[in-house]
1. Please give the peptides 30-37, 53-60 ranked by average Cβ packing (other Cβ atoms within 10 Å per residue), highest first, as a rough proxy for protection.
2. Can you give the FRET efficiency to the nearest 0.05 for D46 and E23, using r as the Cβ-Cβ distance and R₀ = 30 Å?
3. First select every other residue whose beta carbon is under 13 angstrom from the beta carbon of A16; then total the charges, Lys and Arg +1, Asp and Glu -1.
4. Which of R49, R61 comes first, and how do the rest follow, when ranked by fewest Cβ neighbours within 10 Å?
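Since every read-out is calculated from the coordinates, none of them should be taken as a lab result. Predicted, not measured: the structure shown is a model, and the values here were computed from it. Every residue, glycine among them, receives a Cβ derived from its backbone with ideal geometry; neighbour counts consider all protein chains shown.
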Amino acid sequence: MSDWEVAAARSQLFLAALDLHREFLSHVPKEVRQSLHGAKDVVSGDAPRTLDPAAVADAWRALFFLVPVVSTTFASFATMFRGFGAEAARTISLRLLCSRRPRLAVSDSGWVVDSP
């Protein structure tokens, strides 16, 4: 496959994914809106501390359905990802600016933090 063919196939796949998301959202707009409100509460730290971890994971899934990348600072990380346990995600990639260590692994909690 030539570079042009790969780029064209990638573009077609991206557009098909957008169509799939649009179709899904058109069938369950109320549910998606409610899920995103829950995700907002989880991300901002406004969700109850006693919230079921499964509900927290569902909120993150709803957010990641529409927003595949979330950026935060180390200072906000613990609050933002509170309740986002190892069973929900095994890998988080972080870009560490001005870091001399190429990688940092945190295995005791089940998280693997990768600094490219």
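1. Working: 30-37: 13.0, 53-60: 16.8.
Packing proxy ranking, top to bottom: 53-60, 30-37.
2. Values: r = 31 Å, r/R0 = 1.04.
Efficiency for this residue pair is about 0.45.
3. Net charge in that neighbourhood comes out at 0.
4. On the way: R49 7, R61 13.
Going from least to most buried by this count: R49, R61.
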